[in-house]
1. Among the candidates 57, 167, 136, single out the residue that is in contact (Cβ under 8 Å) with a residue 40 or more places away in the chain and either hydrophobic (A, V, I, L, M, F, W, C) or at positive phi (or both).
2. Can you pull out every residue in segment 187-220 that is assigned to a strand (DSSP E or B) and aliphatic (A, V, I, L, M)?
3. Return the residues of segment 232-255 that are part of a helix (DSSP H, G or I) and either more than 15 Å from residue 43 (Cβ to Cβ) or not aromatic (Phe, Trp, Tyr) (or both); say none if nothing qualifies.
4. Name the single residue, out of those in segment 117-135 being surrounded by fewer than 15 Cβ atoms within 10 Å (Cβ to Cβ) and among the basic types (Lys, Arg), that is nearest to the chain's Cα centre (by Cα).
5. Which count do you get for residues in segment 215-231 that are hydroxyl-bearing (Ser, Thr, Tyr) and either closer than 21 Å to residue 44 by Cβ or within 19 Å of the chain's Cα centre (by Cα) (or both)?
6. Do you know which residues across segment 196-249 are closer than 18 Å to residue 175 by Cβ, hydrophobic (A, V, I, L, M, F, W, C) and in contact (Cβ under 8 Å) with a residue 40 or more places away in the chain?
7. Please tell me if residue 138 is in a loop (DSSP other than H, G, I, E, B), in contact with a Leu (Cβ under 8 Å, 6 or more places away or on another chain) and either modelled with pLDDT of 95 or more or open to solvent by 60 Å² or more (accessible area, probe 1.4 Å) (or both).
8. In segment 65-80, which residue that is aliphatic (A, V, I, L, M) and either more than 11 Å from residue 214 (Cα to Cα) or free of Cβ contacts under 8 Å to residues at least 40 places away in the same chain (or both) is surrounded by the most Cβ atoms within 10 Å (Cβ to Cβ)?
Amino acid sequence: MKRLLSLLPLLFTLTCVGAQEVLRVDFRERPPEMRAVDGLPSGPLISVLETAAHRVGVELQWREAPFLRSLDDLRSGRVDLVPRVLLTQQRREYIHFLPSIGNQQLNVRFVVRPGEEARLSRYEDLYDLSLGVKRGTAYFEPFDSDDMLGRAYASDDAQLAAMFRAGRLDTIAVLDAVPMEAQFQAMNFRAYSYAHYAHQQVLGNHFGASLKRYQSDRRELYDRLGAELQRMREEGEVALIYHRYGVLPPDEANR
């Protein structure tokens with residue numbers, strides 16, 4: 001018995017050495033880069049992270065979650081990583097951003113009713129409209145911090161689409177057109193168009209990591225993963241993965 005007890009520390013050490021690091025990663029519907037298929041993550045953005053994680057010896061534990069919950073869990077450290085988090089100074093307070101896998105043209109467009117495209121032809125026209133936005137989404141400055149805008153907040157695209165169809169909104173700010181149009185299609189609603197005004201911007205595509213975990217026990221692991229993602233971008237592997245899915249990759253989408 002004494003001999004067995006003396007071997008326990010060695011057995012524990014060997015078990016830990018052989019154990020694979022596990023990172024908890026959230027995903028959400030954001031086609032064409034990532035989507036849920038039978039509850040499982042799919043898409044080029046998912047494959048990019050899985051490839052990098054495999055090479056640095058990390059196992060990914062995926063969870064489908066609303067973006068607002070993911071942000072809260074990044075802040076608390078309950079989740080390690082979230083794909084495609086736009087970098088803002090406010091988010092730097094609780095998110096460690098891994099190196100960008102590429103730059104993308106992510107213009108903010110505004111949904112309006114057909115025939116009302118010219119009603120919104122410049123930024124200042126927004127002040128006269130009831131405006132739908134998603135809570136927690138970063139659009140652009142000064143839009144995000146403009147207290148003079150008449151915003152109505154919603155939790156997701158489906159809620160915004162329903163509010164617009166019901167006539168409760170004059171316009172919706174849209175960062176990702178594909179998911180919003182998918183909601184309209186699901187409602188069999190076609191009475192929408194896009195305003196003449198749009199805010200054009202090119203932004204980096206980042207994985208957001210928990211700053212709390214980075215500053216405690218994950219620094220070396222996050223840095224290794226970030227270095228591999230950067231190498232994959234520089235050597236063109238990110239682009240190859242996107243092309244395999246038939247999706248225009250970052251660094252090409254804005255050309």
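1. Numbers: 57 fails: in contact (Cβ under 8 Å) with a residue 40 or more places away in the chain; 167 fails: in contact (Cβ under 8 Å) with a residue 40 or more places away in the chain.
After applying the criteria, what remains is 136.
2. Of segment 187-220, the ones assigned to a strand (DSSP E or B) are 193-194, 199, 202-204, 208-210.
Selection gives 202, 203, 209.
3. So in segment 232-255, the residues part of a helix (DSSP H, G or I) come out as 232-234, 237-244.
The answer is 232, 233, 234, 237, 238, 239, 240, 241, 243, 244.
4. 135
5. Here the count works out to 1.
6. Answer for segment 196-249, where residues must be closer than 18 Å to residue 175 by Cβ, hydrophobic (A, V, I, L, M, F, W, C) and in contact (Cβ under 8 Å) with a residue 40 or more places away in the chain: 198, 202, 203, 207, 247.
7. Details: in a loop (DSSP other than H, G, I, E, B): yes; in contact with a Leu (Cβ under 8 Å, 6 or more places away or on another chain): yes; either modelled with pLDDT of 95 or more or open to solvent by 60 Å² or more (accessible area, probe 1.4 Å) (or both): yes.
Yes, satisfied.
8. From segment 65-80, those aliphatic (A, V, I, L, M) are 65, 68, 71, 74, 79; that's our starting set.
Now narrow it down to the ones that are either more than 11 Å from residue 214 (Cα to Cα) or free of Cβ contacts under 8 Å to residues at least 40 places away in the same chain (or both): 65, 68, 71, 79.
Details: 65: 17, 68: 14, 71: 20, 79: 24.
This residue is 79.
The values are calculated or read from the model by the stated rules, or taken from the named source; none is laboratory data. What you see is a predicted model; the values in this text were computed from it and never measured. Neighbour counts are summed over all protein chains in view; Cβ atoms, including those assigned to glycine, are modelled from backbone coordinates with ideal geometry. Ligands, DNA and RNA are excluded from the accessible area calculation, which covers all protein heavy atoms including side chains. Shrake-Rupley method; radii C 1.70, N 1.55, O 1.52, S 1.80 Å.
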